[in-house]
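Data first, discussion second: the structure below is written as structure tokens.
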Amino acid sequence: MSDNVFLSSSKIPSIESSTGISDDLDLGPIRDPLTTVIPMTIVYALILITGVIGNFITCLVIARNRYMHTATNYYLFSLAISDLLLLVLGLPQEIYQLWQKYPYAFGEVFCVIRGLTSEASTNSSVLTITAFTIERYVAICHPLKAHTMSKLSRAVKLIIIMWILGIVCALPIAYQFGIVYDFNNERLVPESAACSIKRTIPYFNEHTFTISSLLVFVIPVTIISVLYMLIGLKLRYSAAVRNKQIAANNTTDTEVNHRNGSGYYKYQSTKRPHDSKNSSNGSNSLSQRRAVIKMLTI
């Protein structure tokens, strides 16, 4: 019976108008049915717990072990921080709103912060993954340049720039968020408070989605796709070269018979030690490149 009470549409009496007549404002159900809310709460809670623990451990391990202070791990550290912000500032509020859609209980400031962190974290994550892919492309396809480009100081500067760029791109969107209310007979209804788009920016709001999609989705995804294709072609070429080297060096224990006027002479060719070493080095190089690709795809 109590469930039916929660599911029923809430009727909020409005403040009496100047005519003294009071109407009811239908705000809709305060929450969805329990068959929807409970499973969603469990899923969100599991994501929150595992995500916070996993990303916190990632940051802790990288920070406390100096041998893990590499450019690649710095990018992973940045991604973990981004995920933590999204989880801590986003999911608890989502869980709360599963059970109570209105009124919004966290205030104007937190509403704006939520919009800012959500957009900034997403933007920085996409940019970080793009930079990470560029780093791996240089390491695999241009290994000589990687020694000069893959420096910790350079990685730190790039991460800072990407976070600043992510925040700057998020500011116009965060500015539009705020607490909005429904009105009844031109009177504000406090119980209808919701965190949503409160204000708009002239000439910007019309193109917000297009600009945002272009900067943090279309361009990065295009760059990542092209670089992965080039990495794949490089690995394929390396495999072909290695197979040719193996075929050329497979002359061990090959017997050649030669006949002259006095009889048969048997010749046996042997592989030189450095041939085996070169073949092993080529195999190890290819294995390392494949290991990098496997790491990137996980």
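The values are calculated or read from the model by the stated rules, or taken from the named source; none is laboratory data. Nothing here was measured: the structure is a model prediction, and the numbers come from that model. Quick reminder, even Gly has a Cβ in these numbers, built from the backbone with ideal geometry, and neighbours come from all protein chains shown.
Pick from ILE62, ILE42, ILE57: which is assigned to a helix (DSSP H, G or I), without any contact (Cβ under 8 Å) to a residue 24 or more places away in the chain and touching a helix residue (DSSP H, G or I) at 6+ places or on another chain (Cβ under 7 Å)? Can you show your working first?
Details: ILE42 fails: touching a helix residue (DSSP H, G or I) at 6+ places or on another chain (Cβ under 7 Å); ILE57 fails: touching a helix residue (DSSP H, G or I) at 6+ places or on another chain (Cβ under 7 Å).
From the options ILE62, ILE42, ILE57, the qualifying one is ILE62.
Out of ALA63, ALA71, I need the residue that is surrounded by 19 or more Cβ atoms within 10 Å (Cβ to Cβ) and out of contact with any Cys (no Cβ under 6 Å at 6 or more places or on another chain). Which one?
ALA71
Yes or no: LEU89 farther than 25 Å from THR35 by Cα and crowded, with 18+ Cβ neighbours inside 10 Å?
Taking the combined requirement at face value, the residue does not satisfy it.
List pairs: first in segment 98-110 and within 24 Å of ILE42 (Cα to Cα), second among the β-branched types (Val, Ile, Thr), Cβ under 8 Å, 6+ apart or cross-chain?
LEU98/VAL37; LEU98/THR41; TRP99/VAL37; TRP99/THR41; GLN100/ILE30; LYS101/ILE30; TYR102/ILE30; TYR104/ILE179
Which of the residues spanning segment 87-131 are in contact with an Asp or Glu (Cβ under 8 Å, 6 or more places away or on another chain), assigned to a helix (DSSP H, G or I) and more than 21 Å from ILE164 (Cα to Cα)? Outline the logic, then answer.
Here is the first cut: in segment 87-131, the residues in contact with an Asp or Glu (Cβ under 8 Å, 6 or more places away or on another chain) are 98, 102-103, 121, 125.
Okay, now just the ones that are also assigned to a helix (DSSP H, G or I), so 98, 121, 125.
LEU98, the sole residue that qualifies.
Are there any pairs, at least 6 apart or on different chains, whose C-beta atoms fall under 7 Å, with the first in segment 195-209 and of a type in the set (Phe, Trp, Tyr) and the second at pLDDT 65 or above, and if so, which?
What qualifies is PHE204/PRO172.
So that you can scan it fast, the table gives a plain yes or no per residue for (1) under 18 Å from ALA194 (Cβ atoms); (2) surrounded by fewer than 20 Cβ atoms within 10 Å (Cβ to Cβ):
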site: ALA105; (1), (2): yes, yes
site: GLU108; (1), (2): yes, yes
site: SER118; (1), (2): yes, yes
site: SER121; (1), (2): no, no
site: LEU127; (1), (2): no, no
site: VAL138; (1), (2): no, yes
site: PRO143; (1), (2): no, yes
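When you scan segment 163-199, how many residues do you find that are part of a loop (DSSP other than H, G, I, E, B) and either surrounded by 16 or more Cβ atoms within 10 Å (Cβ to Cβ) or touching an Asp or Glu at 6+ places or on another chain (Cβ under 7 Å) (or both)?
First, pick out the residues of segment 163-199 that are part of a loop (DSSP other than H, G, I, E, B): 176, 185-186, 198-199.
Restricting the remaining residues to those that are either surrounded by 16 or more Cβ atoms within 10 Å (Cβ to Cβ) or touching an Asp or Glu at 6+ places or on another chain (Cβ under 7 Å) (or both) gives 176, 185, 198.
The number of residues fulfilling the criteria is 3.
Listed here are the residues, each with its yes/no results for (1) of a type in the set (S, T, N, Q); (2) over 11 Å from the mean Cα position of the chain (by Cα); (3) closer than 27 Å to VAL221 by Cα.
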| residue | (1), (2), (3) |
| --- | --- |
| PRO103 | no, yes, no |
| GLY107 | no, yes, no |
| PHE110 | no, yes, no |
| ALA120 | no, yes, yes |
| LEU127 | no, no, yes |
| THR133 | yes, yes, yes |
| ALA139 | no, yes, yes |
